[in-house]
Amino acid sequence: ATFGWPSFLARMRPMTLKEILLAQIAGSGPLPFEDFQRAALYHPEHGFFSKGELRSTKAGDFLTSPEVSPLFGETLAAFVEMERQRLSSPGASAGGGGSLRSSETEGEADRFHLIEVGAGSGSLLRSLLASLSFEPEVWAIEASPTAREVLTNLSSSPGYQAPGAEARAGSVSLHVLSSIEELPGHLSGVILANELIDNLPVAIAVRTEDGWRERWVGADNDELVLVDAGARPEVVEWCDRFAGPCPVDGFVEVQLEAARWFETALAKLDRGALVLIDYGDTAENLEPRRTEGTLRTYRAHHLGPHPLDQPGATDVTVDVNFTALEVIGQELGAEVEYHRQDDFLASLGLRERLSRLRRAELTLAASGDPMERLKIRSIKNEVETLLHPRGLGDFRVLVVRVG
């Protein structure tokens, strides 16, 4: 200690993400919040989704609907089948199309593309594809290197074999990419994004008596803190259009990157549907949450610390402002539908499936196999979780059709 060994050893060890950010702030000044969030989630070495763990698992940090029950994917398969039928109908043009439409190239009419963005471990694709009556061309897009490695092994998984397809040679071809920008254009089919938009970086705006201000990330000694900053023009424009009612001193998560992602994804489709499933609401219905904002973290299936406390160690997420995406979709000439998840899944037959499971459980309770009854009860409980009006059923679904 006399010769300063502890500080020397500290300089020799790898820097944490917090230390990297503090050094960057010391050199260049405070960071826009979206730059901080992008680093916290996607830094190549220290980002929450860049480390070795699969996050959406029982042993991980959160569960999404596909992990809760394979019936989520099976039910979405019904939507994919309906969309394929719509696109194959003579003269089909149910969506707005408009400027998004372009002529199909020769031979493209019979190709149906299924793309999941934020595919994770592949749990949604596995159950969905196993329920289809046909073999689409499949693309999985995932930012996590660990998840991409898992996804590359899924095309040979038995779970991908559709019912009644045993006679078909080969397995489903699965293309794995790291970003939506890598996806080719002029596609016909369905793009799915389940619990993706909530993880796209946001700016933080605060309503004042004189207009909008931002909160950037600065430093106070060795701690990251939120600091006041002037609002950039693009932030003010987004807030004025999409923030909705907001009291003075209220917080708004400015979802510019979500808008850019949405426009990019929609531009990839000549014909088909983009389906976004996430937690959030309309701008008007988000008003009660503006006092504190919706920014929060998750870790090990529980709410985590403040986002600035342990960057890279927690999920950082916000409620999706669906009003902004609805308006953008309509301005691009698309047909837009907005649903609750329970209503959307019910429209595809899941509530009838639940009724059949309940009847089967009652029948087995009277004179059936107790183990089979437990199996049916487990499946029934999973479906009830997907439809629960104060849980996953309260998620929102945005269906955007073109062509």
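Derivation of every value follows stated rules applied to the coordinates shown; laboratory data play no part. The structure presented is a predicted model; accordingly, all values stated were derived computationally and were not measured. Neighbour counts run over all protein chains shown; Cβ positions are idealised from the backbone, glycine included.
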So how do 319-326, 221-228, 347-354, 305-312 stack up, highest first, on mean other-Cβ count within 10 Å?
319-326, 305-312, 347-354, 221-228
Vicinal HN-Hα couplings computed from phi for segment 264-269 (Karplus, 6.51 cos²θ - 1.76 cosθ + 1.60; Hz; Gly/Pro x):
5, 4, 5, 5, 6, 9
Rough spin-label spacing in nm, given labels placed 7 Å along Cα→Cβ, for M15 and T291:
4.0 nm
Rg (Å, one decimal) plus Dmax (Å, integer) for the alpha carbons of segment 221-328?
15.7, 54
Highest to lowest packing among 72-81, 115-124, scored as the average C-beta count within 10 Å
115-124, 72-81
Give the cross-link partners of K51 among the aspartates and glutamates, using a straight C-alpha distance below 17 Å as the criterion and excluding same-chain residues fewer than 8 apart.
D61, E142, E149, D315
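Mind giving me the FRET efficiency for E352 and F134? R0 is 22 Å, r the Cβ-Cβ distance, nearest 0.05 is fine.
Details: r = 23 Å, r/R0 = 1.06.
Once rounded, the FRET efficiency stands at 0.40.
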With eigenvalues of the C-alpha gyration tensor scaled by 5 and rooted, segment 295-395, Å
36, 24, 8
I'd like the distance separating the alpha-carbon centroids of segment 232-300 and segment 325-403, in whole Å.
25 Å
Within straight-line cross-link reach of K380, aspartates and glutamates at Cα separation under 13 Å, skipping those fewer than 8 residues along the same chain
E352, E361, E372
